[in-house]
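The block underneath contains the structure these notes are about, expressed in structure tokens.
The values are calculated or read from the model by the stated rules, or taken from the named source; none is laboratory data. Everything numeric in this text was worked out from a predicted model, so none of it was measured. A quick note on method: Cβ atoms are made from the backbone with ideal geometry, for glycine too, and the neighbour counts reach across all protein chains shown.
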Amino acid sequence: MSDLPENEKDLLYYGNEQLIKTALVNILENAAKYGSSSEIVIALTFNKGKDAELCITDRGIGMDKAEVDLIFEPFYRSQNANVFKGSGIGLSLVKSIFGLHNLKYDVKSTKGRGTRFFVFFPPAKGLPEAQHTETFAHEEIS
């Protein structure tokens, strides 16, 4: 992985700006809401000719691995999130928006340690099918 691409066209992603913004703001708001500190780490990395990877990490309440797939279902709320205000709509909306835009995403979480949310933006020239996948080799939060 490297710094910013040399060609500015490699920074482009075509999509509905308002929808993408809505999805990313929801992820950031969740990180702030469920994070135990005010620190959220946001990293954007590029791999030449491949997806740009956005990673949002919080050091909050986290969740069990078994719940990670469930958080994208409408009205589902993690058992340890019930003390926080919310309806369980946000991440199902995020999933729909990412599906409309053919974006891949992944979530890694450890209960009591935090959550790491990955979004993969393909190069503007080619858009892969949308999918939630655990085939990406990312570290658990320790």
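Tabulated data for the structure shown
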item: Every pair of residues 6+ apart whose Cβ atoms lie under 7 Å, when the first sits in the stretch 20-35 and is within 16 Å of LEU100 (Cβ to Cβ) and surrounded by fewer than 16 Cβ atoms within 10 Å (Cβ to Cβ) while the second is at pLDDT 95 or above and not polar (S, T, N, Q); result: THR22/ILE97
item: Test: residue in the stretch 107-126 that is out of contact with any helix residue (DSSP H, G or I) (no Cβ under 9 Å at 6 or more places or on another chain), surrounded by fewer than 15 Cβ atoms within 10 Å (Cβ to Cβ) and either β-branched (Val, Ile, Thr) or at pLDDT below 90 (or both); result: yes
item: Those residues of the stretch 93-106 which are buried (at least 16 other Cβ atoms within 10 Å of the Cβ) and either farther than 12 Å from ASN30 by Cβ or more than 15 Å from the chain's Cα centre (by Cα) (or both), in sequence order; result: LYS95, ILE97, PHE98, HIS101, LEU103, LYS104, TYR105, ASP106
item: Residue match in the stretch 63-72 (condition: in a loop (DSSP other than H, G, I, E, B), closer than 17 Å to GLY114 by Cα and in contact with a Ser or Thr (Cβ under 7 Å, 6 or more places away or on another chain)); result: yes
item: Residue satisfying all of: in the stretch 45-86; exposed (fewer than 12 other Cβ atoms within 10 Å of the Cβ) and among the aliphatic types (A, V, I, L, M); modelled with the highest pLDDT among these; result: ALA66
item: Residue that is farthest from ILE89 (Cα to Cα), among those in the stretch 1-41 that are in a helix (DSSP H, G or I) and hydroxyl-bearing (Ser, Thr, Tyr); result: TYR34
item: Qualifying residue in the stretch 5-12 (condition: loosely packed, with under 13 Cβ neighbours inside 10 Å and modelled with pLDDT of 90 or more); result: no
item: Restricting the stretch 87-106 to residues that are of a type in the set (Gly, Ala, Ser) and in a helix (DSSP H, G or I), the residue that is modelled with the lowest pLDDT; result: GLY90
item: Residues (in contact (Cβ under 8 Å) with a residue 24 or more places away in the chain and not in a strand (DSSP E or B)) located in the stretch 109-125; result: LYS111, GLY112, ARG113, PRO122, PRO123, ALA124
